[in-house]
There are 2 protein chains.
Amino acid sequence: MDIASYMQTVGQQARAASRVLAAATTDAKNQALSAIASRLRSSKDALLSANAADLAQARDDGLEPALVDRLTLTEKGIEAMAQGLEQIAALPDPVGEITDVKRRPSGIQVGKMRVPLGVIGIIYEARPNVTADAAGLCLKSGNAAILRGGKEAIHSNQAIAACVRAGLGDAGLPDTAVQVIETTDRAVVGQLITLPEYVDVIVPRGGKGLIERISREARVPVIKHLDGNCHVYVHTAADADKAVAIVENAKTQRYGTCNTAESLLIDAAIADAQLPRIGQMLADKGVTLRACAQSLAILRAAGVDPRHLEAAQESDWSEEYLAPIIAVRVVDGLDAAIEHINRYSSGHTESIVSENYTAAMRFLREVDSASVMINASTRFADGFEYGLGAEIGISTDKIHARGPVGLEGLTSQKWIVFGNGEVRR
Amino acid sequence: MDIASYMQTVGQQARAASRVLAAATTDAKNQALSAIASRLRSSKDALLSANAADLAQARDDGLEPALVDRLTLTEKGIEAMAQGLEQIAALPDPVGEITDVKRRPSGIQVGKMRVPLGVIGIIYEARPNVTADAAGLCLKSGNAAILRGGKEAIHSNQAIAACVRAGLGDAGLPDTAVQVIETTDRAVVGQLITLPEYVDVIVPRGGKGLIERISREARVPVIKHLDGNCHVYVHTAADADKAVAIVENAKTQRYGTCNTAESLLIDAAIADAQLPRIGQMLADKGVTLRACAQSLAILRAAGVDPRHLEAAQESDWSEEYLAPIIAVRVVDGLDAAIEHINRYSSGHTESIVSENYTAAMRFLREVDSASVMINASTRFADGFEYGLGAEIGISTDKIHARGPVGLEGLTSQKWIVFGNGEVRR
């Protein structure tokens, strides 16, 4: 296969389909979402057998169990995909929304209209459910999509793609509105990220290495999700019970998610009083504390199991462990905490635990991360928890979309002018 | 000078200053803007003499008159810069604005807070007034700025920079909040656009070649303004008087601006009736019409001076003339007009002239440009006309900011969470 010419065709078809999608009615888009859900349900056997082919290959290739787990489609998983699409159908349509209309001295009325971005390229790992989710979010937001999933899921993705195409057809929309790349050739990625005439934005999902490479080589804008080195900061005026509950939830509810806390900061003034209880709780949960000299001394003196205590290195402040490990550092008050976070954080999510209004509000304003919280677990940084209904990813970029990206993040606003023959003087 | 290490220092200083600026009060920022305005006024002689040095060099180098014109600072121009800064001081501060706060079922309250982007790099041509404007807009929006003006304006820019630094100092803000590059070495640009750790976004202003090069080589996001190939579309249901007035204003009020109309589309059904009057008006103003075969026949038959008529080539549909030339094409109704525009336009600004509600609203929704207008001159696409108070440029990008970019375009929104000890279940 000539990848360059294949991708040219895919790109041209996507651009053409994006014009139709941008003008499509909410009703047509919702019908397509429902139709795709029906097609997934009625194609259950075909989906499971395509997935079985991928799983057999994965086992032959000795894929890690965690990856095999993500790759696996079950009846329950198929039903979840279908329900996910129905949930997207139930969300309000962001496209065409007119806001902020103001009359200007010239007589014109100026406002904004929310519009699709156009063509969205999504590059993701071997998780077949992302194929359905991403198709649904792009469709509802009026965008054409080019989806490139992990090669390990190629059969599953093609089976899902057949359902998507059929569902689009059922609703009278072009079946090129969602194109799932049919080859596992890695050259596709290099092509996809360098087609500014056909692709308006790339959303890469996956490992840090992949995302860094795409950011470096892309010739189109990228909405990227790099790592999540999230902080909980226990301020001098923290409520001790809230501090324990929030650190416990933020660190231990799930270890492998990007909104899991990886660093704990605690004010020197209360470290003696509050750190032992927090440290004991973490150690009891099997978490290893990589602690600065001062916190290490406090934790040791408090009798926390030394098997769960290690001395932190400078590199620990920047680490995304995705594991039962947490970096711990005593800081000298609010300014030091904000400085530490703005220096070492990946800009994902940070939370202060404090009963002091002014300290909490300064933290909220001055911490430069996508989500900043007062007295809440970092685990809330999530499209569903925030009420977006669904998310395509969590952006650690600063322009366009920060944090969880839902339908709105897949659109932009153009200016609209209502005139009555006005000309500029 | 070692450019790489110079730019590292500039970048580090900008990042540090951006933290201070992000937390600065509205009052401090407004004080700085007023102080810079005062410093500009009181440094009038120094500014004029620095500018004289640039002008002498420009004449020696045989610079084009239009460029010399842009480079020239007058007393009036200095007063306009000072007033521009005072106008920016009078605008509402976008930073810290909290919106869309909603209580979620978990108990947390989720909202958004508008925040600065951080460090903004601006690369511009030899127009000294941009130095003051850009400094003012970045300052008010809480961003640190790195400004790299055209080498022909180096003395003028350094003189303005001295006023900016002094004014920042007067208000107790770091004088590194706005850094104007002190060297004309072109390697600066290559460095500035590849420092993602210090620069959050690049705004290039200038020729298409420069902007394309920057977009291609940048390793940080770019808010770019490419060309303005703006269309006026005279629909079947156009009011003939409005059509003439709008085409006249859009094409002839100023020839060199990006929101000037470069293409005229007219429906076949009314071309015989309305094109002659429009063509005559344009020819009377000295505009050359590059017309499709059908419109050329109509214009000739109507007796429009043949010296102002030329046959259009395919390339004319994409051209930004910035001159008394307009491309003219007869189209077969609304769909053909929208298709033509979405194919050939640069995505800047388009206007439909029509009394038909449904046609006008379809045009508004389906034309994929930064500004879409009904019955108004494309010349209105401007930050001041839209009520932004000022603009850093006009974006033809689709993500983040489209069209005129004011203070809001130099900010983004982060998520904020007000909790009371909530944890995720």
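Consider segment A:107-122 and keep the residues that are crowded, with 24+ Cβ neighbours inside 10 Å and in a strand (DSSP E or B). The one that is farthest from the other protein chains (Cβ to nearest Cβ) is A:ILE122. With the requirement that a residue be touching a strand residue (DSSP E or B) at 6+ places or on another chain (Cβ under 6 Å), touching a residue at least 40 places away in the same chain (Cβ under 8 Å) and within 22 Å of A:ASN51 (Cα to Cα), what does segment A:142-177 give you? A:ILE146, A:ARG148, A:VAL164, listed by residue number.
So which of B:ALA28, B:ALA16 is over 25 Å from B:LEU71 (Cβ atoms), of a type outside the set (S, T, N, Q), in contact with a Ser or Thr (Cβ under 8 Å, 6 or more places away or on another chain) and in a helix (DSSP H, G or I)? I'd like the intermediate steps shown before the answer.
Values: B:ALA28 fails: in contact with a Ser or Thr (Cβ under 8 Å, 6 or more places away or on another chain).
Every option except B:ALA16 fails the conditions.
The number of residues in segment A:124-147 that are buried (at least 24 other Cβ atoms within 10 Å of the Cβ) and over 23 Å from A:PRO94 (Cβ atoms) comes to 1.
For segment B:220-265, the set of residues classified as surrounded by fewer than 23 Cβ atoms within 10 Å (Cβ to Cβ) and in a helix (DSSP H, G or I) consists of B:ALA240, B:ASP241, B:LYS242, B:VAL244, B:ALA245, B:GLU248, B:THR252, listed by residue number.
Inside segment A:140-181, residues that are over 23 Å from the mean Cα position of the chain (by Cα) and at pLDDT below 95 make up a count of 0. Restricting attention to segment B:340-359, the residues that are closer than 26 Å to B:ILE298 by Cα, more than 8 Å from chain A (Cβ to nearest Cβ) and free of Cβ contacts under 8 Å to residues at least 60 places away in the same chain add up to 1.
Picking from B:ARG127, B:ARG103, B:ARG70, B:ARG114, which residue would you name as being more than 20 Å from B:LEU407 (Cα to Cα) and either small (Gly, Ala, Ser) or at pLDDT 95 or above (or both)?
Working: B:ARG127 fails: either small (Gly, Ala, Ser) or at pLDDT 95 or above (or both); B:ARG70 fails: either small (Gly, Ala, Ser) or at pLDDT 95 or above (or both); B:ARG114 fails: more than 20 Å from B:LEU407 (Cα to Cα).
Exactly one residue qualifies, and that residue is B:ARG103.
Take the residues in segment A:362-407 that are hydroxyl-bearing (Ser, Thr, Tyr) and part of a loop (DSSP other than H, G, I, E, B), then tell me which one is nearest to A:SER141 (Cα to Cα). Write out each step before concluding.
Going through segment A:362-407, the residues hydroxyl-bearing (Ser, Thr, Tyr) turn out to be A:369, A:371, A:377-378, A:386, A:395-396.
From what's left, part of a loop (DSSP other than H, G, I, E, B): A:369, A:377, A:386, A:396.
On the way: A:SER369: 26, A:SER377: 30, A:TYR386: 18, A:THR396: 21 Å.
Looking at the filtered set, the residue picked out is A:TYR386.
Remark: pairs (first residue in segment A:113-141, acidic (Asp, Glu); second residue part of a loop (DSSP other than H, G, I, E, B); Cβ separation under 8 Å; 6+ apart in sequence or on different chains) = A:GLU125/A:GLY149; A:GLU125/A:GLY150; A:GLU125/A:ARG205; A:GLU125/A:GLY206; A:GLU125/A:GLY207; A:ASP133/A:ALA390; A:ASP133/A:ILE392. Annotation for segment B:97-106: no member residue is buried (at least 22 other Cβ atoms within 10 Å of the Cβ), in a loop (DSSP other than H, G, I, E, B) and within 14 Å of chain A (Cβ to nearest Cβ). Of all residues in segment A:312-343, count the ones that are over 11 Å from A:SER263 (Cβ atoms) and either assigned to a loop (DSSP other than H, G, I, E, B) or out of contact with any strand residue (DSSP E or B) (no Cβ under 7 Å at 6 or more places or on another chain) (or both). Matching residues across segment A:312-343 total 15. Listed conditions (1) more than 27 Å from the chain's Cα centre (by Cα); (2) in a helix (DSSP H, G or I) are all met by A:GLY62, apart from (2).
In the set (1) within 14 Å of chain A (Cβ to nearest Cβ); (2) part of a helix (DSSP H, G or I), B:GLU79 fails one condition alone, (1). In this structure, A:ALA35 qualifies as under 17 Å from A:LEU85 (Cβ atoms) and either out of contact with any helix residue (DSSP H, G or I) (no Cβ under 6 Å at 6 or more places or on another chain) or assigned by TED's automatic domain parsing to the domain that holds A:THR183 (or both).
Across segment A:1-32, the number of residues qualifying as in contact with a Phe, Trp or Tyr (Cβ under 6 Å, 6 or more places away or on another chain) and without any contact (Cβ under 8 Å) to a residue 24 or more places away in the chain comes to 0.
Can you tell me which of B:GLY172, B:GLY167, B:GLY149 is away from every other protein chain (no Cβ under 14 Å), farther than 24 Å from B:THR26 by Cα and in contact with a helix residue (DSSP H, G or I) (Cβ under 7 Å, 6 or more places away or on another chain)? Show your work before the answer.
Values: B:GLY172 fails: farther than 24 Å from B:THR26 by Cα; B:GLY167 fails: farther than 24 Å from B:THR26 by Cα.
None of the others qualify; the one that does is B:GLY149.
Could you tell me whether any residue of segment B:352-365 is over 24 Å from B:PRO404 (Cα atoms), buried (at least 19 other Cβ atoms within 10 Å of the Cβ) and modelled with pLDDT of 95 or more? Yes; the residues of segment B:352-365 include at least one that is over 24 Å from B:PRO404 (Cα atoms), buried (at least 19 other Cβ atoms within 10 Å of the Cβ) and modelled with pLDDT of 95 or more. Scanning segment A:272-284 for residues that are more than 23 Å from A:ASP227 (Cα to Cα) and either within 14 Å of chain B (Cβ to nearest Cβ) or buried (at least 23 other Cβ atoms within 10 Å of the Cβ) (or both) yields A:LEU275, A:ILE278, A:GLY279, A:MET281.
On the given criteria, is B:VAL304 away from every other protein chain (no Cβ under 14 Å), surrounded by 17 or more Cβ atoms within 10 Å (Cβ to Cβ) and more than 30 Å from B:GLY403 (Cα to Cα)? Reasoning before the result, please.
On the way: away from every other protein chain (no Cβ under 14 Å): yes; surrounded by 17 or more Cβ atoms within 10 Å (Cβ to Cβ): yes; more than 30 Å from B:GLY403 (Cα to Cα): yes.
Judged against the criteria, B:VAL304 is a match.
Among the residues of segment A:410-425, those that are modelled with pLDDT of 95 or more and either touching a Pro at 6+ places or on another chain (Cβ under 6 Å) or more than 7 Å from chain B (Cβ to nearest Cβ) (or both) comprise A:LEU410, A:THR411. The residue pairs whose first member lies in segment A:178-191 and is without any contact (Cβ under 8 Å) to a residue 12 or more places away in the chain and over 20 Å from A:ARG216 (Cβ atoms), whose second member is charged (D, E, K, R) and buried (at least 22 other Cβ atoms within 10 Å of the Cβ), and whose beta carbons are closer than 8 Å, counting only pairs six or more residues apart or on different chains, do not exist in this structure. Only one of the numbered conditions (1) buried (at least 22 other Cβ atoms within 10 Å of the Cβ); (2) small (Gly, Ala, Ser); (3) under 16 Å from the mean Cα position of the chain (by Cα) is violated by A:GLY383, and that is (1).
Of all residues in segment A:86-106, at least one satisfies being more than 30 Å from B:GLY409 (Cα to Cα) and in contact with a helix residue (DSSP H, G or I) (Cβ under 7 Å, 6 or more places away or on another chain).
Out of everything in segment A:82-96 that is more than 10 Å from every other protein chain (Cβ to nearest Cβ) and in contact with a Ser or Thr (Cβ under 7 Å, 6 or more places away or on another chain), what residue ends up being surrounded by the most Cβ atoms within 10 Å (Cβ to Cβ)? Only one residue fits best here, namely A:ALA89.
Do we have any residue at all in segment A:97-107 that's over 23 Å from the mean Cα position of the chain (by Cα), in the same structural domain as A:VAL188 (by TED's automatic domain parsing), closer than 24 Å to B:ASN342 by Cα and not hydroxyl-bearing (Ser, Thr, Tyr)?
Taking segment A:97-107 and keeping what is over 23 Å from the mean Cα position of the chain (by Cα), we get A:97-107.
Right, trim to in the same structural domain as A:VAL188 (by TED's automatic domain parsing) and you get A:97-107.
Those still in the list that are closer than 24 Å to B:ASN342 by Cα too: A:97-99.
When the remaining residues are screened for being not hydroxyl-bearing (Ser, Thr, Tyr), the result is A:97-98.
Yes; the residues of segment A:97-107 include at least one that is over 23 Å from the mean Cα position of the chain (by Cα), in the same structural domain as A:VAL188 (by TED's automatic domain parsing), closer than 24 Å to B:ASN342 by Cα and not hydroxyl-bearing (Ser, Thr, Tyr).
Among B:ILE223, B:ILE214, which is the only one that is away from chain A (no Cβ under 11 Å) and touching a strand residue (DSSP E or B) at 6+ places or on another chain (Cβ under 6 Å)?
Values: B:ILE223 fails: away from chain A (no Cβ under 11 Å).
Testing whether each residue is away from chain A (no Cβ under 11 Å) and touching a strand residue (DSSP E or B) at 6+ places or on another chain (Cβ under 6 Å) leaves just B:ILE214.
The values are calculated or read from the model by the stated rules, or taken from the named source; none is laboratory data. Just so it is clear, the model here is predicted, and its values are computed rather than measured. When we count neighbours, we look across all protein chains shown, and the Cβ atoms used for this are built from the backbone with ideal geometry, even at glycine.
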